[in-house]
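The values are calculated or read from the model by the stated rules, or taken from the named source; none is laboratory data. In this text, all values refer to a predicted model and were calculated from it rather than measured experimentally. Cβ coordinates were reconstructed from backbone atoms using ideal geometry, including for glycine residues, and neighbour counts include every protein chain displayed. Each accessible area value is taken on the protein alone, full model and side chains, heavy atoms only, with ligands, DNA and RNA left out. Shrake-Rupley method; radii C 1.70, N 1.55, O 1.52, S 1.80 Å.
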Amino acid sequence: LELEPTPMRLYLAADAAFELGDLGTVAEEMEEVRRQAAAAGDRKLEGCALTALASAALSRDGDPARSAELAEEALATLPEDALEARAAALRRLASAAWWTDDLRGAEARTREALELADRAGRPDMRVQALGTLQWLLELRLELDAAEETLAERNAGDGVLARARAAHAVGTLRRIQGRLTEAGESL
């Protein structure tokens, strides 16, 4: 970053801090990314910074209202074709809703992310949204709907995708009281 301090490199450094759990650094650095991206007219980078700030507001500050405000601003800023970034902002909105016990609001945002994935023809984004949707339905003990969502979810490619799919099956089977099947999947 010191060799060439571009807004994108600053973003990547702040994103690395996020992965390390240093949310204080994320909050400071992403605010600078946001400022520089806005000055440069880079709406995608500005929206990504806003989404990261929404994560920090929720995870560090415990402020779901501020998190939702920043995520809404991210959605308003992001270009329509920034699919992954828009899906990330929707996930932040779903998380903020979940924190306030608004499971229906969280579901609505998750379904928006699912529609985005379907419009884009992105099975990876679809699997992620379906996983969140299944979890939300399980929280509300809507087990038939969770089962239907599970049936829509395909494991995807790779060992991590298969592991997540097996975990989803195991979790639902545990809640359903089908412990032998749950144990096998988990």
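A few comments on the model shown:
- Of all the residues in the stretch 147-166, those that are open to solvent by 90 Å² or more (accessible area, probe 1.4 Å) and either touching a residue at least 12 places away in the same chain (Cβ under 8 Å) or touching a Phe, Trp or Tyr at 6+ places or on another chain (Cβ under 8 Å) (or both) number 3.
- Qualifying residue in the stretch 81-91 (condition: without any contact (Cβ under 8 Å) to a residue 40 or more places away in the chain, in a helix (DSSP H, G or I) and farther than 23 Å from Asp101 by Cβ): yes
- Every pair of residues 6+ apart whose Cβ atoms lie under 6 Å, when the first sits in the stretch 9-26 and is free of Cβ contacts under 8 Å to residues at least 40 places away in the same chain while the second is assigned to a helix (DSSP H, G or I) and acidic (Asp, Glu): Ala14/Glu29
- Answer from Glu115, Glu107 - the residue that is assigned to a helix (DSSP H, G or I) and either in contact with a helix residue (DSSP H, G or I) (Cβ under 7 Å, 6 or more places away or on another chain) or not acidic (Asp, Glu) (or both): Glu107
- Selection over the stretch 118-127 of residues that are in a helix (DSSP H, G or I) and without any contact (Cβ under 8 Å) to a residue 12 or more places away in the chain gives a count of 2.
- A Cβ distance below 6 Å, combined with a sequence gap of six or more or placement on separate chains, defines the contacts here; from the stretch 28-44, residues that are under 22 Å from Leu83 (Cα atoms) reach residues that are among the charged types (D, E, K, R) and open to solvent by less than 50 Å² (accessible area, probe 1.4 Å) in the pairs Arg34/Glu46; Ala37/Glu46; Ala38/Glu46.
- Here Leu116 clears all of (1) closer than 30 Å to Leu75 by Cα; (2) over 15 Å from the mean Cα position of the chain (by Cα) except the condition numbered (2).
- Out of Asp144, Asp101, sole residue that is free of Cβ contacts under 8 Å to residues at least 24 places away in the same chain, in a loop (DSSP other than H, G, I, E, B) and over 25 Å from Leu45 (Cβ atoms): Asp101
- The stretch 167-186: number of residues that are open to solvent by less than 60 Å² (accessible area, probe 1.4 Å), closer than 15 Å to Gly131 by Cβ and free of Cβ contacts under 8 Å to residues at least 24 places away in the same chain: 3
- Test for Ala68: is it part of a helix (DSSP H, G or I), touching a Ser or Thr at 6+ places or on another chain (Cβ under 6 Å) and buried (at least 23 other Cβ atoms within 10 Å of the Cβ): no
- The residue that is surrounded by the most Cβ atoms within 10 Å (Cβ to Cβ), among those in the stretch 1-57 that are among the polar types (S, T, N, Q) and over 18 Å from Ser67 (Cα atoms), is Gln36.
- Under the condition of being of a type outside the set (Lys, Arg) and open to solvent by 60 Å² or more (accessible area, probe 1.4 Å), the residues counted in the stretch 83-134 number 12.
- Subset of the stretch 135-146 [within 26 Å of Ala85 (Cβ to Cβ) and open to solvent by 60 Å² or more (accessible area, probe 1.4 Å)]: Trp135
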